Amino acid sequence: MNLIETFQGFVAQVPELIQPLIIALAGAIPFIEGEGAVSIGIIGGIHPVIAAIAAIVGNFLCVAVLVIAGSGARSAIVKRTRSREAVAAGGAGSVGGGVSETAAAGATDRGSARREKFQRAFERYGVPGVSLLGPLLLPTHFTATMLAASGIGKARILIWQAVAIIGWTTIVAVIVGGAVSAIR
């Protein structure tokens, strides 16, 4: 809550022209995301449409960077693993099995539980379902990164994440905007 209060105070202190940038920055932070950022903006006195656009842009840009970086990291790891397996096939033993066993042994219980929850949801609902329902379970940042790490195409992830971010942020903007209008 302290981070949200900090953003609310900061929005109130900066000129109106800079306020949407603060909301976009808040939208880029996991657990605040577009939904929390739009709330901060509307409560801070920004017009709901401007707050929603700023929150969506900030959230989506951060998610896009994470998807692109995660996809690139996965490609590099897969390429490196295949190179090692090719060398091992020509030489002595398989390196791939040892790497996966080491990774599994080093995983934390909490991280494993999140991955299992994500995997169950992914198998049940696919990319659209995980993207649209993801904010109920995990921040979009984590969901998008896990999708990229699973080898899903960047464009597919970004399209569904955009739909989810726009949808959830708009729903929250309508609710908070309506509540603030009723109070004023």
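The numbers here are math on the coordinates, done by the rules we state, and not lab data. The structure displayed is predicted, hence computed values, not measured ones. Cβ coordinates were reconstructed from backbone atoms using ideal geometry, including for glycine residues, and neighbour counts include every protein chain displayed.
Between the beta carbons of Arg80 and Ser150, assuming R0 = 22 Å, the FRET efficiency works out to 0.80 to the nearest 0.05. I need the calculated FRET efficiency for the pair Phe10 and Val49, taking r as the beta carbon distance and R₀ as 25 Å, to the nearest 0.05. After rounding to 0.05, the efficiency reads 0.75. Given R0 = 41 Å, the distance between the Cβ atoms of Asn2 and Ala113 translates into a calculated FRET efficiency of 0.95.
Please report the base-10 log of the normalised intensity I(q)/I(0) for the range 13-85, using a Debye sum with one equal scatterer per alpha carbon and no solvent, at each q in 0.12, 0.17, 0.26 (1/Å). With one equal scatterer per Cα and no solvent, log10 I(q)/I(0) is -0.41, -0.60, -1.01.
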